[in-house]
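Nothing in this text is a laboratory measurement; each read-out follows from the coordinates by a stated rule. Predicted model, so just to flag it, every value in this text is computed and none were measured. When we count neighbours, we look across all protein chains shown, and the Cβ atoms used for this are built from the backbone with ideal geometry, even at glycine.
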Amino acid sequence: MTAADGVRAPRQARSQDSTDRMLDAALTLLDRDGMAGLTIAAVSRESGVSNGALYHRFGDRRSLLLAAHDRFLSRLELDWLSASAPIWAIDEPDALLSELVANYLQVFTEHRRTFRAFLMSKDSDVDVRARGLATSERGSRFIVEQLASRFGCPWDAAMVAYQLLYGQAILLVLFDDEDLPAREVRAETRLRQLTGALAAVLRT
């Protein structure tokens, strides 16, 4: 059992509302201030919930962090599945790839700072790493299987194409726009070139 598994479950609607506010506040702080900004006191101020209620619900900062991480990953999966569902119905292969690349990078860009906070903490927290890897594995397997099916290519070609896409997404997460060596590359150009690279791999 991990720390988050021992978090007290809310028993009433009002208690669930408080829990939602705490977790939303934690994610807001991570997005705004990074991992250093996630403290019990800061979450209390952001959520309007007392320190005592936070400790009663989560026990400590780490359990709060893991619960916030779980919420982030769950929302990410739901948002991505919802956004990507129409993509796989596109008949024209290049149009499909263009939409896939655009939507995938948008998800990572919109949540850039939260992704960064969790990525930076993964090496110091085994549970954050394990849960993140499990979500990444599910997402990658789904996309690779879809690409292999739609393009009739070997699984390893679809995996390399996915790795190109994932690598670009991680680059956007780890570095701000002004820090990237190729910051002069316009978003439209990046989208076109990356789509072309994936198409080339999938069609070899």
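According to the Kirkwood expression over distinct Cα-Cα pairs, how big is the hydrodynamic radius of the stretch 42-141, in Å?
For the stretch 42-141, inverting the mean 1/r across all distinct Cα pairs yields 15.6 Å.
On a full-extension model of 0.36 nm per residue, what is the gain between Met35 and Leu164, subtracting their alpha-carbon distance, rounded to one decimal in nm? Walk me through the intermediate numbers first.
Details: separation 129, 0.36 × 129 = 46.44 nm, distance 2.75 nm.
Stretched fully, the Met35-Leu164 segment lengthens by 43.7 nm.
Please report, to one decimal in angstroms, the Kirkwood hydrodynamic radius of the stretch 85-202 built from all distinct Cα-Cα pairs.
Over the stretch 85-202, the inverse of the mean reciprocal pair distance is 15.2 Å.
Decide, for the chain, between rounded, prolate and oblate: order the square roots of the alpha carbon gyration tensor eigenvalues as a ≥ b ≥ c, take rounded if a/c falls under 1.5, and otherwise choose prolate if a/b is larger than b/c, else oblate.
Working: a/c = 2.49, a/b = 1.96, b/c = 1.27.
Prolate shape, in that a/c is at least 1.5 and a/b is the bigger ratio.
Once label points are set 7 Å from the Cα along Cα→Cβ at both Arg45 and Leu191, what is their separation, rounded to one decimal in nm?
Calculated label separation equals 3.9 nm.
In the stretch 130-157, which residues have a backbone nitrogen under 20 Å from the label point lying 7 Å from Glu92's Cα in the Cα-to-Cβ direction?
The answer is 147, 150-152.
Would you work out which of Ser82, Leu66, Met159 lies farthest towards the positive end of the dipole of the stretch 41-178, given +1 charges on the beta-carbon of Lys and Arg and -1 on that of Asp and Glu, about the Cα centre?
Leu66
What full-extension length gain, to one decimal in nm, is calculated for Met120 and Ala85 as 0.36 nm per residue of separation minus the Cα-Cα distance? Please list the in-between numbers first.
Values: separation 35, 0.36 × 35 = 12.60 nm, distance 3.02 nm.
Length difference between fully extended and current span is 9.6 nm.
What percent do you get for the relative contact order of the chain when only Cα pairs under 8 Å and 6+ apart count? Intermediate results must be reported in sequence, preceding the final value.
On the way: 173 pairs, mean separation 44.6, N = 204.
Once normalised by length, the contact order is 22 percent.
Just to confirm the number: angle between the C-alpha axis of helix 155-174 and the first principal axis of the chain, 0 to 90 degrees, nearest 10?
For helix 155-174, the angle is close to 50 degrees.
What's the longest uninterrupted piece of the chain once you rule out the trypsin sites (Lys or Arg not before Pro) that are loop residues per DSSP with at most 13 other Cβ within 10 Å?
Numbers: sites that count: Arg8, Arg11, Arg183, Arg186, Arg203.
Looking at the chain, 12-182 is the longest stretch - no exposed trypsin sites (Lys or Arg not before Pro) with at most 13 other Cβ atoms within 10 Å.
By how many nm would the segment from Arg75 to Arg141 grow when fully extended, if each residue of separation counts as 0.36 nm and the alpha-carbon distance is taken off?
Details: separation 66, 0.36 × 66 = 23.76 nm, distance 1.83 nm.
Between Arg75 and Arg141, full extension yields an extra 21.9 nm.
With a/c under 1.5 counting as rounded, go ahead and sort the stretch 139-204 into rounded, prolate or oblate using the C-alpha gyration tensor (a ≥ b ≥ c being the square roots of the eigenvalues; past the cut-off, prolate if a/b is larger than b/c, else oblate). Can you show the working numbers first?
Values: a/c = 3.26, a/b = 1.92, b/c = 1.69.
Prolate, since a/c reaches 1.5 and a/b exceeds b/c.
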